[in-house]
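Colleague: Here's a structure for you.
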Amino acid sequence: MADVMTTAQRSYNMSRIRSQDTKPEIQLRNLLISNGISDFEITPKHIPGRPDFYFSNRKTAVFVDGCFWHGCKDCYQAPKTNAKFWKKKVSTNTARDQVVNRELKSLGVKVIRVKEHSLKSAPDKTIKHIESKLSQDQRPKVLDLFAGAGGLSEGFMRAGCEMIGHIEVDKNSCETLTTRMIYHALKARGKYEDYKKYVLGKLSREELVEKYGLQRDRNSVICAEIGKDNYKKLIREIRERLNGQQLDIIVGGPPCQAYSYIGRARDENRMRRDSRNFLYRYYVEFLKAFQPKIFVFENVPGLISAGKGRYLKDMRRLMKKAGYDTGYKILNASDFGVPQSRKRVLLVGWNKYSKMEEYPDFPKVKRQYKVKDFFVGLPKINSGEGKTIQRFSKRSDLLEKLRIMNPEFGLLLDHLSRPNTKQDLEIYRLAVTAKKKGQNIKYNELPRRLKTHRNEDGFLDRFKVVDASAEGSHTIVAHIAKDGHFYIHPDLRQNRSISVREAARLQTFPDDYKFEGTRGPQFRQIGNAVPPMLSEVIARELIKYL
């Protein structure tokens, strides 16, 4: 190998060499994910050496070492010219590797170094080696109360947690949760193709459960309403599942209608008599029963002012009595990479057995992508069109990196739009045209023939276009199950409201996440969910304090 470059050329070329997302790193990332290993961070700044993959719950760092740059003994060949320069460069790299190894080991972090040539020639052997080094015994154990369709669970599982159980009352959500737990179990066993067979209708869930012994995964979902008549029974069921092990984290949040501004505005009693106002008391019973080190209570911002603040005050009092200090903030999902402005109260509690001393500082995500980037690869459809199962029209490096698009799965689920009347579609065209001019259409500005309500003073923005050029769309809520007027697709040629899959993508659910039920229940599940991308940020931060 001859080095014929000038010093200036060499300096420029080396400055252009990518330190992240190299081909070997992308290959290993895809290999890890395809083998059901996804609880890693990519090049975290807070870990010495910025490993290519870091498993925080397993305290393991994985580096992919290029054979040339790291002086591989098996295949490194020194350039014939400028030998002194290259010898110093490679020696510096290998010396730095040793320093990083020692520093990580002093912190109790296991180090795995994967050689580029090993990854190319023997990927199966490489992944087995990594699997053997990654201990499964230290996974934090998590219980999800009022679990919905599993947005919180998905993020915590991505962060390496084991879901002991989910408790949810909605049957469609429970079906979705069951499917997702079976998905994770199959993927961990390397049986991803059988999940595709289920999606395609070639295998039933029960056949999968029996074939692979997934009864525990299926039974982790408990379809029940948490209340005074059964909370003790539910606690006994979870205790049996733990089988003497310690529960580390409880997550969840009761239905938000009782606390939401909209819910109070629509109810003549302003939700004061709604029994859901007091579901937090049962949440506290689970805290007392299991004494997790940390808990997360998620809800709408209206929780702070509901009942003039007395509900929040009372729940924090009861949590303190149960042994927990608490803090809360209003977080916007858009600050954590979610392409949606979605504000939620996140109340976190910790007891004396955790390492937490104050409300955690959840790291915000720097990004440049827009809402439109999450619609890439979705076939163009019109009102009332779409398919339950189809293939995406093209791949997206961004969506693959964010784990939204899965090329191994290769399918889109429920890219279906609801049918609309001619009148709705005419309004949609006016709304999209106005949006292109930077305006939002008002109901009282519509032609008289298109108005169906006499009220022209309130709720004037009942027709709203998803802003494709923004970092985040407006909030996806469960009302999308009733009509799509508030979620008009920005492409005038498609002229419709957004599809089930588009709503799921804006909530950062991956394309292989199957929502059970018909279109209406699917929309409702998505609108009520916590975005997995947000919950993963929360999970990765919290498990540091266990």
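Colleague: Taking the Cβ-Cβ separation of Glu131 and Asp461 as r and a Förster radius of 56 Å, what is the calculated FRET efficiency to the nearest 0.05?
Modeller: The calculated FRET efficiency here is 0.60.
Colleague: For Lys442 and Arg113 in one chain, what is 0.36 nm times their gap in residues minus the Cα-Cα distance, to one decimal in nm?
Modeller: 112.5 nm
Colleague: Take Arg58, Arg180 and order them by how many other Cβ atoms sit within 10 Å, fewest up front.
Modeller: Ranking Arg58, Arg180 by Cβ neighbours within 10 Å, fewest first, gives Arg58, Arg180.
Colleague: Then there is this: May I ask you to compute the full-extension gain from Lys352 to Thr81, defined as 0.36 nm times their residue separation minus their alpha-carbon distance, rounded to one decimal in nm?
Modeller: Working it through step by step, the gained length comes to 91.4 nm.
Colleague: So what J values fall out for region 395-410 if you push phi through Karplus, 6.51 cos²θ - 1.76 cosθ + 1.60 with θ = phi - 60°, rounded to Hz, Gly and Pro as x?
Modeller: Values, residue by residue: 8, 9, 4, 4, 5, 5, 5, 7, 6, 8, 9, 10, x, 5, 6, x Hz.
Colleague: Here's something else I'd like to know. Using only Cα atoms, tell me the angle between helix 532-542 and the longest principal axis of the chain; keep it within 0 to 90° and round to the nearest 10.
Modeller: 60
Colleague: Roughly speaking, what is the centre-to-centre gap between region 494-546 and region 188-257 when only Cα atoms are used, to the nearest Å?
Modeller: 18
Colleague: Hey, rough spin-label estimate for Leu242 and Val365, points 7 angstrom out along Cα→Cβ, what's it come to in nanometres?
Modeller: Rounded to a tenth, the inter-label distance reads 3.1 nm.
Colleague: Compute and list, largest first, the equivalent-ellipsoid semi-axes of region 7-133 from the alpha carbon gyration tensor, each √(5λ) rounded to a whole angstrom.
Modeller: Values for region 7-133, descending: 26, 17, 14 Å.
Colleague: Could you rank the peptides 425-437, 158-170, 139-151 by their average count of other C-beta atoms within 10 Å per residue, with the highest value first?
Modeller: 139-151, 158-170, 425-437
Colleague: At 222 nm, what helix-only mean residue ellipticity would the chain give, in deg cm²/dmol to the nearest 500, using -39500 (n - 2.57) for each DSSP H run of four or more?
Modeller: The per-residue figure over the chain is -11000 deg cm²/dmol.
Colleague: Give me the percent of DSSP beta bridges within the chain that run antiparallel, rounded to the nearest 5.
Modeller: 50
Colleague: Considering only C-alpha atoms, what is the centroid distance from region 314-355 to region 454-490, in Å?
Modeller: Each part's Cα centre sits 28 Å from the other's.
Colleague: Once Rh for the chain is found with the Kirkwood sum over Cα pairs, what is the Stokes-Einstein diffusion coefficient at 4 °C and 1.567 mPa s, in µm²/s?
Modeller: The calculation lands on 51 µm²/s.
Colleague: What list do you get for Glu516, Glu206 if you sort them by fewest beta carbons within 10 Å?
Modeller: In order of increasing Cβ crowding within 10 Å: Glu206, Glu516.
Colleague: Label points 7 Å out from Cα along the Cβ direction at Lys288 and Tyr545: separation in nm?
Modeller: Here the modelled spin labels are 2.3 nm apart.
Colleague: Just subtract the alpha-carbon distance of Ile304 and Glu206 from 0.36 nm times their residue separation and send over the number in nm, one decimal.
Modeller: Between Ile304 and Glu206, full extension yields an extra 30.9 nm.
Colleague: Moving on. Once phi is turned into ³J(HN,Hα) by the Karplus curve 6.51 cos²θ - 1.76 cosθ + 1.60 with θ = phi - 60°, what whole-Hz value does each residue of region 118-127 show in order, with x for glycine and proline?
Modeller: Karplus values, whole Hz, x for Gly and Pro: 5, 5, 6, 7, 9, x, 5, 5, 5, 5.
Colleague: Rounded to the nearest Å, what's the spacing between the alpha carbon centres of region 48-127 and region 434-450? Just the number, please.
Modeller: 59
Colleague: Arrange the following residues from fewest to most other Cβ atoms within 10 Å of their Cβ: Trp86, Trp69, Trp350.
Modeller: The most exposed by this proxy come first: Trp69, Trp86, Trp350.
Every read-out reported here was derived from the displayed coordinates using simple, explicitly stated rules and does not represent laboratory data. Predicted model only: the values in this text are computed from it and were never measured. With ideal geometry, Cβ positions are generated from the backbone for all residues, glycine too; neighbour counts draw on all protein chains shown.
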